[in-house]
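> My questions will all concern the structure given below.
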Amino acid sequence: MKHALPSEFTNLSELAHNLWWSWSPQGREVFSYFDPTLWRLTHHNPIKQMQEIDLNRLEVLRQDVVFIRKYTAAMKAFHEYLDAKDHWFGRTYPHLAGGTIAYFSAEFGLHRSVPLYSGGLGILAGDHLKEASDLGVPIVAVGFMYNQAYFRQVIDTHGWQEAVYESVDRGLMPIELARTPAGELAKVHVRIGQREVACLVWQIRVGRVTLLLLDTDSPENSPEDRQLTARLYGGNHHTRLCQELLLGIGGVRALRAVGYAPQVWHANEGHPAFLLIERIGEGLKQGLSWNDALDHVRISTIFTTHTPVPAGHDVFSADLIREHCQWWWEELGFTQEDFMALGRHPEYPSDHFHMTALAIRLASFVNGVSREHEHVSRKMFQVLWPGQTLDQVPIHSVTNGVHVPTWVAPEMDVLYAKHLGSDWRERCDDQVLWQRIMDVPDAEIWEVRRFLKRKMLIFLRQRVRLGWTDGTIDPTQVLAGGALFEPHPLTIGFARRFATYKRAALLFANLDRLRAILLNPWRPVQIVFAGKAHPADQPGRDLIHRIYQYAKAHDLGGHIAFVEDYDMHVAKFLVQGVDVWMNNPRPPLEASGTSGQKAALNGVPNLSVLDGWWKEGYDGSNGWAVNLPPVSISDEEQDALDAEGLYSLLEKEVVPLYYDRDVDGISHGWCTVVKQAIRTVAPQFSARRMLKEYVSRAYAPLLDVQALETTKQKLA
Ligand SMILES: *Cc1c(COP(=O)(O)O)cnc(C)c1O
């Protein structure tokens, strides 16, 4: 059913077409109040909700003064936000107000209704944009409009993950076709091998930031080419290379077509690195020499690497590169050798093209995403700087953080507003402000935590009830989904991609010992798991299968649950609702990790091996750390040691502390850990701290250099 909104509500469409609503309590409230049930049924998609709203409900809303008041206030806040001239970036760098920074990423996790992400990398990119918007950092972003996105995870009765791909309805997404300054539809072409592939350019508004999305699903393309941007990380090396050519080359051209002239370019991970060669080409066409063109690219490029595993970096063979890119070096007047040399990595055969090596070679600021990851990356890429010691390798780190308004639970928001002040969001990276959390009465924080746990349990039940009612799941799957979970027991959360290095089954190393912990009648414990494995990752799928069997096992008594289809929505309920967040990757393979930061922001302490962000976040009082085993032991020995570490922490510290209650049923010791977790993690591991760091260490210095260059040119 589609109908026009009454005229007094037409601005709702404007609100729905800017994702600002998704991290503004006022914006969210407008849509959830609009029709709370429909809001749930449309999976929090405001555009879908407006299309399906019942005419009678609209009539009621027109008369509803409470709604009118909320709506008017939200629209006012929205416009004030968009029009604000006074923001952090402008105040701090008034002379850089005219700059533009282009941010490229293969995925963006912004909201569940915009499924253009698979996991951590995308959500980080989404948080980056939202925070840039809040701080007034002049970013414009480029990514893909995936038609089928990443897959939806369904677990079959035997516990095997199935990957379901569904096409999105572009009409239900907050996107519109981008236009050139002359008002025509922006469209760009990218040559791949012998053919020209056309890309439509969509745009999506993220507060004050614009994100351009490339889409090859356009009638002039061949059926195969129309599918090129259908899936995130789908297909083989061939598809992957085509996608990366589209993102790099097409991305630069899309920005130009829409009228942007970025001075600084930031590649998030190696996927967009071809943008650097496209820009070398631009330089050559403007008459720069080869070396000057390279230098120009270098002094305006930032590259962030996220992958501490060598196999995680894209490497293409010379044959594949020749097939797709020969036209490119011919057009630019350079040789295949010159081209291949840009992506050479000394540890690979010379006929391989390494995307990360390309990006590192052509960036002036290269960073990993935690201090530990900086060290690992230096070791991995030291070979690119022959003769340099580890200390001299110019790779830095900016530790990841999370966008606070997106990830904070509404109930915690209220608590923070009450105790830290109503402007706490504006000051969320201020460590001094967060000291005040220590003065919050334990009873108050305990009550909010209890409430959030119940909210999560209701969510788990709703999910399995839906499957049960549809007839898509059997009774054992109802149990495996958490139907036997209780509000009272200590509840541990573990949710992440099921890659083997994340060791999701570590806690099952000794089943008797685990059973004793879970089923202790005086101090019961339950654990909720969630996460997807890449469909091609059989060991990852095996792990899910194994955990799912435990979730169904009689002798674990329904104290293990597996929630299907981990996404941003599920993540919110879990990081806000459990009591402890567990993480046990094999060090040093977790570059940063961000889910534990989301948890701590909501008063959920971490229990984690010391790796990634936790290595710098743990201070002895704000959670629990599994000690690092001595270096150079076998994987099996390390697994055994880490499992032992987890068990003994649970048995001796975590569980006893949680159940150490006073007459009112409150554990004051627990509340202290909760407060320490909030106090230490919330400001330091916020996207606000992260973005300010990117600005002060990379964006602003490079923008300054560009401004200087321009002045020099004018004087010359
Ligand atoms: C935060 C988040 C991640 C990243 O979490 P890690 O700690 O890096 O594993 C992945 N997926 C979703 C849905 C998230 O919300």
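The values are calculated or read from the model by the stated rules, or taken from the named source; none is laboratory data. These numbers come from a predicted model, not from an experiment. In this analysis, Cβ positions are derived from the backbone assuming ideal geometry, glycine residues included, and neighbour counts consider all displayed protein chains. The area values use the complete protein model at the heavy-atom level, side chains included, leaving out ligands, DNA and RNA. Shrake-Rupley method; radii C 1.70, N 1.55, O 1.52, S 1.80 Å.
> Is it fair to say Ala707 is touching a residue at least 40 places away in the same chain (Cβ under 8 Å), assigned to a helix (DSSP H, G or I) and surrounded by 19 or more Cβ atoms within 10 Å (Cβ to Cβ)? Even if it seems obvious, please write down each step before you answer.
On the way: touching a residue at least 40 places away in the same chain (Cβ under 8 Å): yes; assigned to a helix (DSSP H, G or I): yes; surrounded by 19 or more Cβ atoms within 10 Å (Cβ to Cβ): no.
Criteria not met by Ala707.
> Got a number for residues in the range 140-154 being open to solvent by 10 Å² or more (accessible area, probe 1.4 Å) and among the β-branched types (Val, Ile, Thr)?
Number satisfying all stated conditions: 1.
> Here is a further query. Would you confirm whether or not the range 566-575 contains a residue that is within 27 Å of Gln161 (Cα to Cα), under 17 Å from the mean Cα position of the chain (by Cα) and surrounded by fewer than 19 Cβ atoms within 10 Å (Cβ to Cβ)?
Taking the range 566-575 as the starting set, the residues that turn out to be within 27 Å of Gln161 (Cα to Cα) are 566-575.
The next check asks that each one be under 17 Å from the mean Cα position of the chain (by Cα); those that pass are 566-575.
Next, from what is left, pick out any that are surrounded by fewer than 19 Cβ atoms within 10 Å (Cβ to Cβ): 569.
Checking the range 566-575: at least one residue is within 27 Å of Gln161 (Cα to Cα), under 17 Å from the mean Cα position of the chain (by Cα) and surrounded by fewer than 19 Cβ atoms within 10 Å (Cβ to Cβ).
> Are there any pairs, at least 6 apart or on different chains, whose C-beta atoms fall under 8 Å, with the first in the range 142-153 and modelled with pLDDT under 90 and the second outside any loop (DSSP other than H, G, I, E, B), and if so, which?
Close Cβ pairs satisfying both conditions: Ala149/Pro115; Ala149/Leu116; Ala149/Arg231; Tyr150/Pro115; Tyr150/Arg231.
> Would you mind finding the one in Arg205, Arg195 that is over 16 Å from Gly251 (Cβ atoms), in contact with a strand residue (DSSP E or B) (Cβ under 8 Å, 6 or more places away or on another chain) and open to solvent by 10 Å² or more (accessible area, probe 1.4 Å)?
One residue alone meets the criteria, Arg205.
> For the range 516-567, which positions are under 23 Å from Asp579 (Cβ atoms), within 16 Å of the ligand (Cβ to nearest atom) and part of a helix (DSSP H, G or I)?
Ile547
> Can you give me the ranges of the helices (runs of 4 or more DSSP H) entirely in the range 301-375 with at least 3 residues that are free of Cβ contacts under 8 Å to residues at least 40 places away in the same chain? Even if it seems obvious, please write down each step before you answer.
On the way: elements: 318-332, 336-342, 355-361.
In the range 301-375, the matching helices (runs of 4 or more DSSP H) lie at 318-332, 336-342.
> Counting only residues that are more than 11 Å from the ligand (Cβ to nearest atom) and out of contact with any His (no Cβ under 9 Å at 6 or more places or on another chain), which one in the range 583-600 is farthest from Gln549 (Cα to Cα)?
Going residue by residue through the range 583-600, those that are more than 11 Å from the ligand (Cβ to nearest atom) are 584, 586-589, 600.
Adding the requirement that they be out of contact with any His (no Cβ under 9 Å at 6 or more places or on another chain) leaves 584, 586-587, 589, 600.
Details: Asn584: 20, Arg586: 23, Pro587: 27, Leu589: 27, Ala600: 30 Å.
My answer is Ala600.
> Continuing with this model, one more query. Residue check: is Ser350 surrounded by fewer than 13 Cβ atoms within 10 Å (Cβ to Cβ) and either touching a strand residue (DSSP E or B) at 6+ places or on another chain (Cβ under 8 Å) or modelled with pLDDT of 95 or more (or both)? Lay out the reasoning, then the answer.
Details: surrounded by fewer than 13 Cβ atoms within 10 Å (Cβ to Cβ): yes; either touching a strand residue (DSSP E or B) at 6+ places or on another chain (Cβ under 8 Å) or modelled with pLDDT of 95 or more (or both): no.
Here the answer is no, as Ser350 does not meet what is asked.
> Can you confirm whether Tyr260 is more than 25 Å from His345 (Cα to Cα), outside any helix (DSSP H, G or I) and aromatic (Phe, Trp, Tyr)?
Details: more than 25 Å from His345 (Cα to Cα): yes; outside any helix (DSSP H, G or I): yes; aromatic (Phe, Trp, Tyr): yes.
So Tyr260 passes the test.
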